[in-house]
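**Student:** Provided herewith is a single structure, encoded as C-alpha cells, for subsequent inquiry.
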Amino acid sequence: MDKNHSVTTMFNANCDVVQWYIDICLCNGIDNNNPWMDDLFIDIVVLPSGELFEKDADELEEALLEGIIEKEHYDQARNEASKLKRLISQGKYELMQLSTPHKELLLNKLK
C-alpha cells in the first residue's frame, strides 16, 4: 500500500466502476486489523471516462494558513497530487487498473 495516498473504488449495482476516490495523506497503515490514514485534505476523483477532479484544495490552503499543517506537509500533499494526476493521465496508475480484478477475487471468495 502506498503510504501517501489511499484509493477507494466505487461500483454501481451492475459492478461497473463509478469512480475512484483518492485521498492524499501524510501516511496510512493498519493497527490491530483496523486501517487508518492521516489525511492531508486534498483528494482526487477519477471517472471511468478519464475525467479527473481535484477536491478540497481550498481546505488544504486553509489548513496551511491556520497552522493546522506545516509547509512541509502542504508541499507533500501538492507533490503527491501532481504525481498522481500525471500517472493517471498517462494511464500508468496501477491501483485503478487493479480495481476490477480485485473485485472479481472478492466476489469469488463470497460464493
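The values are calculated or read from the model by the stated rules, or taken from the named source; none is laboratory data. Quick caveat, the model's predicted, so the values are computed rather than measured. Note that each Cβ is placed from the backbone with ideal geometry, even for glycine, and that neighbours are counted across all protein chains shown.
**Student:** Report every pair of residues separated by at least 6 positions or lying on different chains whose Cβ atoms are under 7 Å apart, first residue within the range 35-50 and within 21 Å of E66 (Cβ to Cβ), second surrounded by fewer than 22 Cβ atoms within 10 Å (Cβ to Cβ) and among the hydroxyl-bearing types (S, T, Y).
**Tutor:** M37/S6; D43/Y21
**Student:** To continue, here is another question. Out of the residues in the range 62-109 that are within 15 Å of the chain's Cα centre (by Cα) and among the acidic types (D, E), which is farthest from D43 (Cα to Cα)?
**Tutor:** E94
**Student:** Among the residues of the range 59-95, which ones are over 13 Å from I22 (Cβ atoms), in contact with a helix residue (DSSP H, G or I) (Cβ under 6 Å, 6 or more places away or on another chain) and in a helix (DSSP H, G or I)?
**Tutor:** Within the range 59-95, L60, L64, Y74 meet the criteria.
**Student:** Right, something else. Residues to consider are L52, L95, L106, L65; find the one that is at pLDDT 95 or above and closer than 17 Å to V7 by Cα. Please lay out each step first, then the result.
**Tutor:** Working: L95 fails: at pLDDT 95 or above; L106 fails: at pLDDT 95 or above; L65 fails: closer than 17 Å to V7 by Cα.
Just one listed residue meets the conditions, L52.
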